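J.: Below: one structure in structure tokens.
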Amino acid sequence: MFLDENLQRVIDALSDGVYITDGNGITITMNKAYEQMTGLPKRRLIGLHMSEVVKAGFISRSVSLEVLKELRAITIIQTIGSNHKIFVSGTPMFDAQGRIEYVVTTARDITELLKAKHAEEQLEQLLKLRENYGTSVEESTAQEKFIISRNTKACYDLAKKVAATSAKMLIQGETGTGKTLLANTIHQYSKVCDGPFIELNCAAMPEALLEAELFGYMPGAFTGALIKGKIGLLEAANNGTLFLDEIGDLPLSLQAKLLKVIAENRFIPVGGTEFKTTNFRLISATHYDLKKLVEVKLFREDLLYRLSVVPIYLPPLRERSDEVRPLLEHYIQYFNEKYELDCHWHEDVLSQLSGYNWPGNIRELINLTERLVVTVDQSLITFAHLPSEFGLKSPLKQDKRSLKSQVEVLEQKLINEAIAEYGTTRAAANALNIDQSTLVKKQKRWRVNEEKNKI
């Protein structure tokens, strides 16, 4: 179906490109501006389904098809040919029955929006950096309720007190103790809490790449660099918090450059000649003793003093055993929701893991929980499911009572749990597949034995 001559004249008078399909995605018409903008002749496209237009390589993707799929207006950047890009916006037109009758697409040449495009690219880089290096604050908020050990609480109390100032803080502690969570808490209580929280692990990449990530680089700064350069984390963290984890692994050459940034709040990107200013809250963390690294000339003493205005030591999990049980309960619920499962710990497992040494700290606890949730074939995680490398002794092996007495203890536990869950002895007996009279007799015998033991 073609538009009548008058309507065609109207759309031909528009400076923006116009492309119209019917409700099935078949090309009806386009205006002259679209033909000039894209170099695509109307006579070759009219009557073609948009999937054919894409398949033929005329355009990279069809906004019309996306509108038909989503039933709403959509805007995308479209590629014509090899590198000609245009902004296109597709809008659905509905009939009286609520069905899409036409999709009207307007297009504008990208060359008219070069400045806007450059700003968009900068914003996209910034958002991508913050997505890749940013850390969610939800976990720190969720875990803060588990900070019940005296030593850990003291760390968090100090962190919150100092957070409102601009003092630089150095968090020390073993790997996996939750240094990132503590840093995140500091950010949340700071004056820049509305800004980004950017985390970089200084031990995770080689020196050359680390410098490029931190400082960013200009176009053509080195082989393999992005054509338009890249924003660095020092700039991405502006008006927010920059958390440098494993700062002890920062190369000496970068330590000197970081010291200058801290002192002047400005830096020069790799391959650049002009300074960029930045203003962020700096928090550092390490599992090393930095004073010992200073002694062997692997860390700058002046940088250490800059970083550790307020040092905080976060104790390992083995010194916070009363936090193990609530952390296990929290993370099993977290992974239940993530994998849509319903696992729970057996009491014996919780007791055993509460006394475990946890050399890998909270990170090991999280790893174990996820591992068991996704591998165990039943909802109840028992001692038998624990990995052998944990070296824990079975509660049954520790218990020297007779098999009969151990079976009775288990029997009593299961019956009590069934009654608590189902409310009556009859319902509990049905659930356990035994007679109600048998269940009642067992309860009576246990009560008699308890009374005898009290005498």
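J.: Is it true that S190 is modelled with pLDDT of 90 or more and surrounded by fewer than 19 Cβ atoms within 10 Å (Cβ to Cβ)?
T.: no
J.: Could you list, in sequence order, the residues of the range 40-68 that are touching a strand residue (DSSP E or B) at 6+ places or on another chain (Cβ under 7 Å) and on the phi > 0 side of the Ramachandran plot?
T.: The one that is touching a strand residue (DSSP E or B) at 6+ places or on another chain (Cβ under 7 Å) and on the phi > 0 side of the Ramachandran plot: G47.
J.: If you don't mind, there's one more thing I want to ask. Which condition does K160 not pass, out of (1) closer than 23 Å to E323 by Cβ; (2) in contact with a Ser or Thr (Cβ under 8 Å, 6 or more places away or on another chain); (3) surrounded by 19 or more Cβ atoms within 10 Å (Cβ to Cβ), if it passes all the others?
T.: Against the list (1) closer than 23 Å to E323 by Cβ; (2) in contact with a Ser or Thr (Cβ under 8 Å, 6 or more places away or on another chain); (3) surrounded by 19 or more Cβ atoms within 10 Å (Cβ to Cβ), K160 comes up short only on (3).
J.: Let me ask another. Can you tell which of E337, E323 is surrounded by fewer than 13 Cβ atoms within 10 Å (Cβ to Cβ) and closer than 27 Å to Q188 by Cβ?
T.: Answer to the selection: E337.
J.: Then there is this: Among the listed residues I283, I262, which satisfies the condition of being in a helix (DSSP H, G or I) and in contact with a strand residue (DSSP E or B) (Cβ under 8 Å, 6 or more places away or on another chain)?
T.: On the way: I283 fails: in a helix (DSSP H, G or I).
Being in a helix (DSSP H, G or I) and in contact with a strand residue (DSSP E or B) (Cβ under 8 Å, 6 or more places away or on another chain) holds for just one of I283, I262, which is I262.
J.: Please work out if L254 is assigned to a helix (DSSP H, G or I) and under 15 Å from C202 (Cα atoms).
T.: On the way: assigned to a helix (DSSP H, G or I): yes; under 15 Å from C202 (Cα atoms): yes.
Taking the combined requirement at face value, the residue satisfies it.
J.: Residue under question is N279, and the condition is that it be touching a residue at least 12 places away in the same chain (Cβ under 8 Å), on the phi > 0 side of the Ramachandran plot and surrounded by fewer than 22 Cβ atoms within 10 Å (Cβ to Cβ); does it hold? Spell out how you get there, then give the answer.
T.: Numbers: touching a residue at least 12 places away in the same chain (Cβ under 8 Å): yes; on the phi > 0 side of the Ramachandran plot: no; surrounded by fewer than 22 Cβ atoms within 10 Å (Cβ to Cβ): yes.
So N279 fails the test.
J.: Something else about it: Answer yes if at least one residue in the range 15-31 is out of contact with any helix residue (DSSP H, G or I) (no Cβ under 7 Å at 6 or more places or on another chain) and under 17 Å from D109 (Cβ atoms), and no otherwise. Before the answer, list the steps.
T.: Taking the range 15-31 first, the residues out of contact with any helix residue (DSSP H, G or I) (no Cβ under 7 Å at 6 or more places or on another chain) are 20, 22-24, 26, 28.
Narrowing the set further to residues that are under 17 Å from D109 (Cβ atoms) leaves none.
No, because not a single residue in the range 15-31 is out of contact with any helix residue (DSSP H, G or I) (no Cβ under 7 Å at 6 or more places or on another chain) and under 17 Å from D109 (Cβ atoms).
J.: Okay, moving on. Within the set of pairs 6 or more residues apart or between chains, which connect a residue that is without any contact (Cβ under 8 Å) to a residue 24 or more places away in the chain and of a type outside the set (A, V, I, L, M) inside the range 282-307 to a residue that is surrounded by 13 or more Cβ atoms within 10 Å (Cβ to Cβ) and not in a strand (DSSP E or B) with Cβ atoms less than 8 Å apart?
T.: Short answer, once both residue conditions are applied: K291/L304; E301/V294.
The values are calculated or read from the model by the stated rules, or taken from the named source; none is laboratory data. Computed from a prediction, not measured in an experiment: that's the story for all the values here. In this analysis, Cβ positions are derived from the backbone assuming ideal geometry, glycine residues included, and neighbour counts consider all displayed protein chains.
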